[in-house]
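Structure record follows, encoded as structure tokens.
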Amino acid sequence: MKVFNELREATAAVRARTDGKLVISCVGGLALHWLAARLAMSSGQNGMPPVDLRSEEALLDLSNNAVDGDIRYIGDCQTLDRKRGVRTVELARPHVFPLASPMFIARWGDKIRSAEDLAKLPLIEERSDVEWRMWMKAQSIDLPPNTPTGRYGHAHLALAAARAGQGVALGNHYLIAEDLAAGRLVKVVPREKEFLPVALGAYVFRGPANRWSDPSIVRFRRWLGAQFSADPAY
């Protein structure tokens, strides 16, 4: 069954390329909060190829040409595959910071004097507490074992929990710029000791090495790099 699924995906990708489309996968949070709107605004402009955007959380095997490119966030604690036949370029290494809803800050903001106080509040995480531990470590704080956290599996779900006032989440500019502008989320600002800036990983573009120089992929990769550069992450 798996073989037939892979064959079906590869066939669909080839058909899409015949139609002039690029099949691009992207981690869900970035696709939802940042990439989709920019693709819509740029479609058909300056030779930009049309894109079939797909949301994928798992690290894809690019050897079967099921997609033309893959965009995702690789944490510093993760190991990126170094298989032959795959090329990777870093797009941005954004700072990560605590954020919460205005309702949550109205209740708890006065008690947040430093990063140490955050460990006493409800924390929201994605798949594990690794990022929170790394962020706290950068603030010279060891998060106590068995610190209660709410786990939501994906970035966009963790952000939804933060908007609902469930606790403090970690996010970066690309994921929460619209929420900040709309006032749905706010950066957590300590009363006394400022948080140190922390980057915990990078957004990268991965593609099949044998098609890395295809004109349409080159144009898309350059467009993508320009979008990240025009929208600084700090």
Kindly establish whether Leu175 is out of contact with any Ser or Thr (no Cβ under 9 Å at 6 or more places or on another chain) and either within 21 Å of Tyr73 (Cβ to Cβ) or in the same structural domain as Asp76 (by TED's automatic domain parsing) (or both).
yes
Yes or no: Asn65 at positive phi and modelled with pLDDT under 75?
yes
When the range 213-234 is examined, which residues are found to be in a loop (DSSP other than H, G, I, E, B), over 19 Å from the mean Cα position of the chain (by Cα) and of a type outside the set (S, T, N, Q)?
Asp214
Going through the range 164-201 one residue at a time, which ones are polar (S, T, N, Q) and surrounded by fewer than 19 Cβ atoms within 10 Å (Cβ to Cβ)?
Gln166
Can you report the number of residues in the range 124-141 which are surrounded by fewer than 15 Cβ atoms within 10 Å (Cβ to Cβ) and touching a Gly at 6+ places or on another chain (Cβ under 9 Å)?
1
Those strands (runs of 3 or more DSSP E) completely within the range 104-212 that have 2 or more residues that are at pLDDT below 90 and closer than 30 Å to Ala58 by Cβ are 149-151
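The values are calculated or read from the model by the stated rules, or taken from the named source; none is laboratory data. Remember, it's a predicted structure, so these values are computed and weren't measured experimentally. Every residue, glycine as well, gets a Cβ built from its backbone with ideal geometry; the counts of neighbours run over all protein chains shown.
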